[in-house]
Amino acid sequence: MKLLAKKDVPELLQAWSQRYEVLSPGTTEQADCIFGAFSRDSFTLSYRKPPMPPKAALLPPSQVIFTIENGRYADAASAGRTLLFGIRACDAMGILQAKSFFQRDGSDSYVSRRSDESVIIVNACSGPQNETCFCTTMHSGPYADRGFDLQLYDMGETFLVEEGSARGAELTGSQFFFAIGDAEAAGRIRTFRQKAQKAIPSVPEVARAMNILKAGPSCDSVWERLGKKCIMCGGCAYVCPTCTCFTVADRVHTAMNGQRIRSWDACLFSGFTREASGHNPRPTQASRLKRRHEHKLLYYNKIDTQAMVCGCVGCGRCSDYCPVHIGTLEVVKSIAEQVGQ
Ligand code: SF4
Ligand code: SF4
């Protein structure tokens, strides 16, 4: 265990920028919180949940994976030495789930190249970031128990630093870190964790909705009602740290020149499941919403979920940003209230 003074963090990140592409919390001129390339000017330690999850560091929203130039193939997917500073425990779990998904049937080299050398530094939450956080219900927070190289616990003027890997331990070897006795550190972390855990309310409707879905009574009226509201913007999938849908497109410039691009997609788009014949097995927005939420809550793959309840980490972003209020929180409450009577 180590201590790190908060006032030293910008200088530390500047030093790490020599070895890594450092992504960190910052504020825009409009005072919005973003998670992006480290800059001393915009860097802040006073941040809440950034709208976009850090999965983009592994799976960019749009990525050229190869090019053909004058008929010659060239692999264009870049390797990453990214350092993610200050992500939240739920997002670290989201990264673990996404990595597990991409490595399940043989490793996806584009994701592996970006993730294998990357460093994850979690900033444990001392309480909810806002009213939609439900990480304790999903067992993904407020602190991480896996999937991090370093974890920071806010102690006021300093961070207590927990090492989660050999790579993390190596990073704490610089002059910015000070030793602290293990027994004292463990006691302070225990107190922090207990307070944080209590501060984040649990959502009993999650377990009730999952049980209803497992038991199999029809929830069609819920999906029909919510399907009429959904405007198919895809926002819930784009802000979700565990959504991994993508599409591949070829951009042909000339007969001998072009690019293959991989981009985020969303199962709520009508074209996502449309087959080449024109047949669409999920022809209505109600059926697509049903599929998305059953995937999160019911048909998740055990290998991918790690120690979690299901394929949702409880970050609450879909509830924060869905323009018509069809986030996971609203969905589980609708199922529990309408079907579980
Ligand atoms: S709360 Fe919504 S955005 Fe967050 S992990 Fe769950 S489904 Fe994804
Ligand atoms: S964010 Fe809301 S409106 Fe947009 S696709 Fe998702 S459920 Fe539909």
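I'm trying to understand the selection: among the residues of region 249-279, which are in contact (Cβ under 8 Å) with a residue 24 or more places away in the chain and assigned to a strand (DSSP E or B)?
Answer for region 249-279, where residues must be in contact (Cβ under 8 Å) with a residue 24 or more places away in the chain and assigned to a strand (DSSP E or B): Asn257, Gly258, Gln259, Arg260, Ile261, Arg262, Ser263, Trp264.
I need the full set of residues from region 41-62 which are part of a loop (DSSP other than H, G, I, E, B), more than 18 Å from Cys133 (Cα to Cα) and among the hydrophobic types (A, V, I, L, M, F, W, C), in order please.
Result: Leu45, Leu58, Leu59.
Just for region 56-92: of the residues that are within 12 Å of ligand 1 (Cβ to nearest atom) and open to solvent by 10 Å² or more (accessible area, probe 1.4 Å), which one is nearest to Ala124 (Cα to Cα)?
Within region 56-92, the match that is nearest to Ala124 (Cα to Cα) is Arg88.
Quick check on region 106-115. Is at least one of its residues at positive phi and open to solvent by 40 Å² or more (accessible area, probe 1.4 Å)?
yes
Determine whether Ala266 is in contact with a strand residue (DSSP E or B) (Cβ under 8 Å, 6 or more places away or on another chain) and either within 16 Å of ligand 2 (Cβ to nearest atom) or within 30 Å of Ser78 (Cα to Cα) (or both).
No: the conditions fail for Ala266.
Gly86 - would you say it is on the phi > 0 side of the Ramachandran plot and part of a strand (DSSP E or B)?
yes
Being at pLDDT 95 or above and either within 14 Å of Cys240 (Cα to Cα) or open to solvent by 40 Å² or more (accessible area, probe 1.4 Å) (or both) narrows it down to one of Ser319, Ser263, Ser287, so name that one.
One residue alone meets the criteria, Ser319.
Return yes when Lys228 is part of a helix (DSSP H, G or I), outside the structural domain of Met155 (by TED's automatic domain parsing) and touching a residue at least 24 places away in the same chain (Cβ under 8 Å) and no when it is not.
Considered against the rule, which asks whether it is part of a helix (DSSP H, G or I), outside the structural domain of Met155 (by TED's automatic domain parsing) and touching a residue at least 24 places away in the same chain (Cβ under 8 Å), Lys228 comes out as yes.
Name the residues in region 291-303 that are open to solvent by 70 Å² or more (accessible area, probe 1.4 Å) and either within 10 Å of ligand 1 (Cβ to nearest atom) or not hydrophobic (A, V, I, L, M, F, W, C) (or both), would you?
Selection gives Arg291, His295, Tyr299, Lys302.
Take Ala237 and decide whether it is in the same structural domain as Cys312 (by TED's automatic domain parsing) and closer than 28 Å to Pro54 by Cα.
Taking the combined requirement at face value, the residue satisfies it.
Between a first residue in region 233-246 that is closer than 17 Å to Leu329 by Cα and in a helix (DSSP H, G or I) and a second residue that is near ligand 1 (Cβ under 8 Å from one of its atoms) and of a type in the set (S, T, N, Q), which pairs have beta carbons less than 9 Å apart while being 6 or more apart in sequence or on different chains?
That search, which allows pairs on different chains as well, returns Cys236/Ser319; Cys236/Thr328.
Filter region 2-40 down to the residues that are at pLDDT 90 or above and in a loop (DSSP other than H, G, I, E, B), then identify the one that is farthest from Ala89 (Cα to Cα).
Filtering region 2-40 for residues that are at pLDDT 90 or above and in a loop (DSSP other than H, G, I, E, B), the one farthest from Ala89 (Cα to Cα) comes out as Gln18.
What are the residues in region 243-261 that are of a type outside the set (S, T, N, Q) and either over 30 Å from Gly311 (Cβ atoms) or touching a strand residue (DSSP E or B) at 6+ places or on another chain (Cβ under 6 Å) (or both), if any?
Within region 243-261, Phe246, Val248, Ala249, Asp250, Arg251, Val252, His253, Ala255, Met256, Gly258, Arg260, Ile261 qualify.
Could you give me the residue pairs with C-beta distances under 7 Å whose first residue belongs to region 290-312 and is aromatic (Phe, Trp, Tyr) and at pLDDT below 90, whose second residue is in a loop (DSSP other than H, G, I, E, B) and surrounded by 14 or more Cβ atoms within 10 Å (Cβ to Cβ) wherever it lies, and which are 6+ apart or on separate chains?
Tyr300/Cys310; Tyr300/Gly311
I'm checking my understanding of the structure. Among residues of region 205-221 that are closer than 17 Å to Cys312 by Cβ and open to solvent by less than 80 Å² (accessible area, probe 1.4 Å), which one is farthest from ligand 2 (Cβ to nearest atom)?
Among those that are closer than 17 Å to Cys312 by Cβ and open to solvent by less than 80 Å² (accessible area, probe 1.4 Å), it is Ala207.
Any idea which residue in region 312-341 is nearest to ligand 2 (Cβ to nearest atom), counting only those that are in a loop (DSSP other than H, G, I, E, B) and closer than 19 Å to Gly216 by Cβ?
Gly340
The values are calculated or read from the model by the stated rules, or taken from the named source; none is laboratory data. As the structure is a prediction and not an experimental result, all values here were calculated from the model. We place every Cβ from the backbone using ideal geometry, glycine too, and count neighbours over all the protein chains shown. Each accessible area value is taken on the protein alone, full model and side chains, heavy atoms only, with ligands, DNA and RNA left out. Shrake-Rupley method; radii C 1.70, N 1.55, O 1.52, S 1.80 Å.
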